[in-house]
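Enquirer: Okay, here's the structure, questions in a sec.
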Amino acid sequence: MIELKQLTKRYGQGAKATEALSGLNLSIHKGEIFGVIGHSGAGKSTLIRCMNLLERPTSGEVWVGGVNLTGLSKQRLQNERRKIGMIFQHFNLLSSATVYDNIAFPLRLARKGKAEVEAKVNELIALVGLEAHCNKYPAQLSGGQKQRVGIARALASDPQVLLCDEATSALDPQTTDSILKLLLDINQKFNLTIVLITHEMHVIQSICDRVAVIHQGGIVEEGAVTDVFLKP
Ligand code: ADP
Ligand code: ADP
């Protein structure tokens with residue numbers, strides 16, 4: 001579902017350049033929950049942002065669903081990006097929009113009709129369990145509720161892939177578990193491929209099928225979670 005080939009990302013120029021990713025290769029299969037773990041500065045955030053070209057790689061290729069995103073025109077990239085949802089550590093919600101309007105945002109952007117928007121938003125609100133909160137603003141929600149809005153918004157365009165950038169790092173342990181459980185439910189219900197980056201081992205161990213360990217811009221270990229973390 002996702003293939004990264006010889007992915008390199010350099011920030012800055014010349015002597016001051018930082019190489020965040022160094023010829024990284026990675027394959028993520030359809031329907032799996034794939035975790036990427038590494039210390040701060042290892043390149044996790046750059047890696048996940050390259051998967052939807054929020055960050056443009058310096059060289060290498062990013063393939064999602066059989067399409068090479070790095071070769072696309074702006075217009076076609078915009079279309080392909082609808083197949084890739086993303087959620088964030090700090091949620092990135094529109095603060096002046098209600099829960100309903102935050103979730104409706106990508107649908108309205110895609111010029112869906114009023115009835116279709118309403119049906120889809122209500123379905124998503126039920127999926128993430130926010131029926132009682134749909135007219136609230138983000139500031140009136142707990143962290144876990146905000147991330148539920150983030151998840152519903154990310155699912156609005158029926159993506160094939162959900163990218164999670166430290167999505168539980170701002171949450172307490174109990175809320176983290178409830179969000180991970182929701183992600184697992186969604187993975188099973190829709191066979192949605194989920195990529196999750198984190199610095200927390202617990203997150204990887206609780207829901208991931210496979211994991212890659214990233215260090216200094218390269219994958220240093222990769223495999224089933226049980227193989228990578230439970231070696232004798
Ligand atoms: P992680 O998410 O694992 O903490 P990052 O991908 O954020 O790692 O960073 C990897 C490296 O790239 C670090 O050395 C970081 O300082 C550098 N870096 C990240 N973003 C930028 C940027 N916008 N400009 C310059 N350097 C950056
Ligand atoms: P949690 O127990 O998950 O930390 P909170 O205590 O923050 O959640 O919130 C509990 C309930 O109160 C939630 O339904 C939330 O929507 C509501 N709520 C939280 N903060 C506010 C606020 N500032 N104004 C109105 N309602 C709020």
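The values are calculated or read from the model by the stated rules, or taken from the named source; none is laboratory data. The structure displayed is predicted, hence computed values, not measured ones. Virtual Cβ from ideal backbone geometry, glycine too; neighbours counted across all protein chains shown. With ligands, DNA and RNA removed, areas are computed over all heavy atoms of the protein, side chains included. Shrake-Rupley method; radii C 1.70, N 1.55, O 1.52, S 1.80 Å.
Enquirer: Tell me the carbon and sulfur percent of the accessible area for the chain, rounded to whole percent, probe radius 1.4 Å.
Expert: 49
Enquirer: So what's the projected area for region 185-232, the Cα convex hull averaged over all directions, in nm²?
Expert: The Cα convex hull of region 185-232, projected and averaged over all directions, gives 3.9 nm².
Enquirer: If the reach is capped at under 26 angstrom between alpha carbons, list the lysines near Lys16, excluding any in the same chain fewer than eight residues apart.
Expert: Counting by Cα, and skipping residues close in sequence, Lys16 has these lysines nearby: Lys5, Lys44.
Enquirer: How much area per residue is accessible in the chain when the probe is 1.4 Å and only protein heavy atoms are counted (Å²)?
Expert: Values: 11320 Å² over 232 residues.
Averaged over the residues of the chain, the accessible area is 49 Å².
Enquirer: Let me ask something else about it. Take peptides 123-132, 79-88 and line them up by average Cβ neighbours within 10 Å, highest first, as a rough protection proxy. Each step should come with its number before you reach the end.
Expert: Numbers: 123-132: 15.9, 79-88: 19.2.
Per-residue mean Cβ counts within 10 Å order the peptides as 79-88, 123-132.
Enquirer: Quick one: helix 99-109 against the long Cα principal axis of the chain, what's the angle to the nearest 10°, folded into 0 to 90?
Expert: 70
Enquirer: Over the chain, what is the mean sequence separation of C-alpha contacts under 8 Å (at least six apart), divided by residue count, expressed as relative contact order in percent? Spell out each step's value before the answer.
Expert: Numbers: 432 pairs, mean separation 67.7, N = 232.
Relative contact order, the chain: 29 percent.
Enquirer: Lysine pairs, Cα distance under 29 Å, 8 or more residues apart or cross-chain: how many in region 97-232?
Expert: 18
Enquirer: Follow-up. Answer rounded, prolate or oblate for region 1-98, using the Cα gyration tensor with square roots of eigenvalues a ≥ b ≥ c: rounded when a/c is under 1.5, else prolate when a/b is larger than b/c, else oblate. Intermediate values should be presented prior to the final figure.
Expert: Details: a/c = 1.38, a/b = 1.16, b/c = 1.18.
Because its axes are fairly even, with a/c under 1.5, region 1-98 counts as rounded.
Enquirer: Quick one, what does Rg over Rh come out to for the chain if you take C-alpha atoms and the Kirkwood Rh?
Expert: Working: Rg = 17.7 Å, Rh = 18.3 Å.
Using Cα coordinates only, the ratio equals 0.97.
Enquirer: May I ask you to derive the FRET efficiency for Gln13 and Gln78 from their Cβ-Cβ distance with R0 = 30 Å, giving the value to the nearest 0.05?
Expert: On the way: r = 28 Å, r/R0 = 0.94.
Once the sixth-power term is evaluated, E becomes 0.60.
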